[in-house]
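Written below as structure tokens is the structure these notes are about.
Please treat every number below as a calculation from the coordinates, not as lab data. Predicted model only: the values in this text are computed from it and were never measured. Every residue, glycine as well, gets a Cβ built from its backbone with ideal geometry; the counts of neighbours run over all protein chains shown.
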Amino acid sequence: MGTPHAIAAPRGASRSRAWLGLVLLVVGLAGHLLAARAMGGSRIAYGHHTFGFFLILAVTGGIVAATGWRYWRRRRDVMLLVIGAIQAFFGVVVYLSQLGVIRLR
């Protein structure tokens, strides 16, 4: 008689983590868009910040997805939550740095 490799999370908790991950992704994108607006709102600023958001998403998302595939194979909600938290962090940092609240250099 073997034990399962992972304990299944309740369905409600899984959905909550997935929704929170999506909300954090939106917060990250909003941070980039607000930073572009703070730069003057030019088309180039929005393009650069949108590209930066998707570049960060591709790099960190790839790393988290590869790690998740290895360790959390059945926990896509956790992977989405981690990716969303990373994006929200970078979005807020980019926005605050554009406002001059923090310095990145």
Loop-resident sites, segment 14-105, for chymotrypsin sites (Phe, Trp or Tyr not before Pro), counting at most 16 other Cβ within 10 Å (DSSP): W72
Size of the dipole of segment 28-99 about the Cα centre, Lys and Arg at +1 and Asp and Glu at -1 on the beta carbon, nothing else charged, in debye to 20? 280
Got the relative contact order for the chain handy, in percent, Cα pairs under 8 Å and 6 or more residues apart? 43
Rounded to 0.05, the calculated FRET efficiency for the beta carbons of L20 and L99 at R₀ = 30 Å is 0.70
In the list [x] 237; [y] 128; [z] 105, the entry giving volume of the Cα convex hull per residue in Å³ computed from the coordinates is [z]
